[in-house]
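The values are calculated or read from the model by the stated rules, or taken from the named source; none is laboratory data. All values reported here derive from a predicted model rather than from experimental measurement. So basically every Cβ, Gly included, is an ideal-geometry build from the backbone, and we count neighbours across all protein chains shown.
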Amino acid sequence: MRIGELAERTGASPRLLRYYEQHGLITAERSPNGYRHFGEDDVARVGRVRDLLEAGIPIKIIKLILPCLSGGEDIHFPVPDPGLLAQLEEQRDRMTRKAECVLKNRDAIAAYLDRVRGPAEPARD
DNA sequence: CTTCTGACA
DNA sequence: TGTCAGTA
């Protein structure tokens, strides 16, 4: 399929898909006219890239773990490379700190809501 | 009409 | 990221 269809099916704009390809997050074959050509599996791949990006993981790290994603959400490293592990440990710690920050602010907002709206309203969480 | 590359806000 | 230009 061409970039337009992949864009429709993934929710990512063609502009963004070209950006992903430019940074090695996805690969595309080229038609003689220069048009990018993607496969069915790229729909899922783009989805995974977007999930990782949404989690705040830098493209640099995504490129490292993307080839280790086997269709599912699981990650596996056949031959753990020291350098790779170090970068992933660093990323894990950043994510931990970010998660703590998010939780902290969520609790603050929840507490605020409880005070102004009153404990009577559930609708939270 | 769709896509491509490069560039600018 | 969106969008504009000038093509293929």
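I'd like the full set of residues that are among the aliphatic types (A, V, I, L, M) and more than 25 Å from A:Leu64 (Cβ to Cβ), limited to the range A:4-50.
A:Ala7
Given the conditions (1) part of a helix (DSSP H, G or I); (2) modelled with pLDDT under 95; (3) out of contact with any Leu (no Cβ under 9 Å at 6 or more places or on another chain); (4) among the charged types (D, E, K, R), report the number of the one that A:Glu73 does not fulfil.
(1)
Is one or more of the residues making up the range A:6-14 surrounded by 15 or more Cβ atoms within 10 Å (Cβ to Cβ), among the charged types (D, E, K, R) and within 12 Å of DNA strand B (Cβ to nearest atom)?
Checked against the condition, which is being surrounded by 15 or more Cβ atoms within 10 Å (Cβ to Cβ), among the charged types (D, E, K, R) and within 12 Å of DNA strand B (Cβ to nearest atom), the range A:6-14 yields at least one hit.
Looking only at the range A:12-66, count how many residues are of a type in the set (D, E, K, R), more than 23 Å from A:Glu90 (Cα to Cα), in contact with a strand residue (DSSP E or B) (Cβ under 9 Å, 6 or more places away or on another chain) and not in a strand (DSSP E or B). Before you say what the answer is, go through the steps one by one.
Filtering the range A:12-66 down to residues of a type in the set (D, E, K, R) leaves A:15, A:18, A:21, A:29-30, A:36, A:40-42, A:45, A:48, A:50-51, A:54, A:60, A:63.
Next cut, more than 23 Å from A:Glu90 (Cα to Cα) only: A:15, A:18, A:21, A:29-30, A:36, A:40-42, A:45.
Applying the additional criterion that residues be in contact with a strand residue (DSSP E or B) (Cβ under 9 Å, 6 or more places away or on another chain) yields A:18, A:21, A:29-30, A:36, A:45.
Those still in the list that are not in a strand (DSSP E or B) too: A:18, A:21, A:45.
Here the count works out to 3.
Tell me whether the range A:54-66 contains one or more residues that are out of contact with any helix residue (DSSP H, G or I) (no Cβ under 9 Å at 6 or more places or on another chain) and more than 16 Å from DNA strand B (Cβ to nearest atom).
The answer is yes, given that some residue of the range A:54-66 is out of contact with any helix residue (DSSP H, G or I) (no Cβ under 9 Å at 6 or more places or on another chain) and more than 16 Å from DNA strand B (Cβ to nearest atom).
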